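As structure tokens, the structure follows; a few thoughts come after it.
The values are calculated or read from the model by the stated rules, or taken from the named source; none is laboratory data. Since the model is a prediction, treat every value here as computed from it, not as a measurement. FYI the Cβ positions are ideal-geometry reconstructions off the backbone, even for glycines, and counts take in every protein chain you see. SASA here: full protein model, heavy atoms, side chains in, ligands and nucleic acids out. Shrake-Rupley method; radii C 1.70, N 1.55, O 1.52, S 1.80 Å.
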Amino acid sequence: MGPPGAGKGTQAQRISEAYQLMHISTGDLLRGTIKDNSELGRKARVYMERGELVPDELVTALVRERLRAARRHRGFILDGYPRNQAQALALDEILAEEEIPLDLVVHFETPVEVVRDRLMGRRVCSSCGTNFHLKALPPSPNGRCSRCGGELMIRPDDQDQTVEQRIRVYEDFARPLVKFYRKKDLLHKVSGAQTAGDQYAELKRLFERKAK
Ligand code: AP5
């Protein structure tokens, strides 16, 4: 968990590749439903364009389906879910049903000015979905994705007003969620303001310790 731009997606992608874990990003799943122009996508788009949370039952249904498939994997990383206490309770229920343990909750604490800078400079590959940042994690010098050569785009919800609304929504829901996982003794804080390389190194150390 962490505010928009904290680096959740960047690190979830790196860690899931390093440990062969299933990466379940609710933002990516929802953007996929919009791309497919499904009924769910048409509903989700309205909320996402406003920077608000998509209704819990729609997002939880997507997560439930993915977590069923996760049983066949070594493990999973949930990125962007749960975002409120209702989702956290729903997640507990799904994990109990599927008999999957939850080992760790990582909280990326990130100052708001860092968040704004990250989202302003973000470019996303329209083909493979890799995230870049114009200054901190630049794409190829030819302005294309350095992974697959795809065209880069600005995420529609990275516009100024939508960013401010996403930050507000995060702040409204974060505190109870932190409390919820602190009580369960699962929460680990990581600074979202450090470089992506330092974040990755810290997360790897954390994962190695957990795996022992
Ligand atoms: P989602 O796609 O999850 O967006 P978000 O939570 O706002 O997070 P971001 O993807 O913006 O940031 P991130 O922390 O992943 O950072 P990233 O690694 O990309 O959700 C979008 C929308 O979907 C929501 O607003 C909501 O409407 C809906 N939704 C999703 N989940 C939902 C749920 N559970 N319930 C209800 N609705 C839901 O990095 C950002 C930028 O910074 C990139 O440019 C990257 O290259 C760069 N960067 C990353 N790390 C660093 C670093 N350490 N130093 C410098 N630059 C960095």
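Out of the residues in the stretch 22-57 meeting the condition of being touching a Gly at 6+ places or on another chain (Cβ under 8 Å) and part of a strand (DSSP E or B), tell me which one is nearest to the ligand (Cβ to nearest atom). If we take residues in the stretch 22-57 being touching a Gly at 6+ places or on another chain (Cβ under 8 Å) and part of a strand (DSSP E or B), then 25 is nearest to the ligand (Cβ to nearest atom). So is residue 65 away from the ligand (no atom under 13 Å from the Cβ) and open to solvent by less than 30 Å² (accessible area, probe 1.4 Å) or not? So residue 65 fails the test.
Only one of the numbered conditions (1) among the charged types (D, E, K, R); (2) in contact with a Leu (Cβ under 9 Å, 6 or more places away or on another chain); (3) open to solvent by less than 30 Å² (accessible area, probe 1.4 Å) is not met by residue 79, and that is (2).
The condition (being open to solvent by 40 Å² or more (accessible area, probe 1.4 Å) and part of a helix (DSSP H, G or I)) is satisfied by just one residue among 194, 161: 161.
On the given criteria, is residue 181 of a type in the set (Phe, Trp, Tyr), closer than 23 Å to residue 49 by Cβ and in a helix (DSSP H, G or I)? The answer is no for residue 181. Scanning the stretch 1-21 for residues that are within 9 Å of the chain's Cα centre (by Cα), more than 6 Å from the ligand (Cβ to nearest atom) and not in a helix (DSSP H, G or I) yields one hit, 1. Quick check: anything in the stretch 107-126 free of Cβ contacts under 8 Å to residues at least 24 places away in the same chain, of a type in the set (Lys, Arg) and not in a strand (DSSP E or B)? So far as the stretch 107-126 goes, no, none of its residues is free of Cβ contacts under 8 Å to residues at least 24 places away in the same chain, of a type in the set (Lys, Arg) and not in a strand (DSSP E or B).
Sort through 147, 175 and tell me the only one that's surrounded by fewer than 18 Cβ atoms within 10 Å (Cβ to Cβ), over 18 Å from residue 16 (Cβ atoms) and charged (D, E, K, R). Let's see the steps before the verdict.
On the way: 147 fails: over 18 Å from residue 16 (Cβ atoms).
None of the other options fit; the residue is 175.
Any residue that is small (Gly, Ala, Ser) and buried (at least 16 other Cβ atoms within 10 Å of the Cβ) - is there at least one of those in the stretch 93-105? Let's see the steps before the verdict.
First, the residues of the stretch 93-105 that are small (Gly, Ala, Ser): 96.
From the residues that got through so far, the ones that are buried (at least 16 other Cβ atoms within 10 Å of the Cβ) too are none.
Within the stretch 93-105 (the criterion being small (Gly, Ala, Ser) and buried (at least 16 other Cβ atoms within 10 Å of the Cβ)), the answer is no, since none of the residues qualifies.
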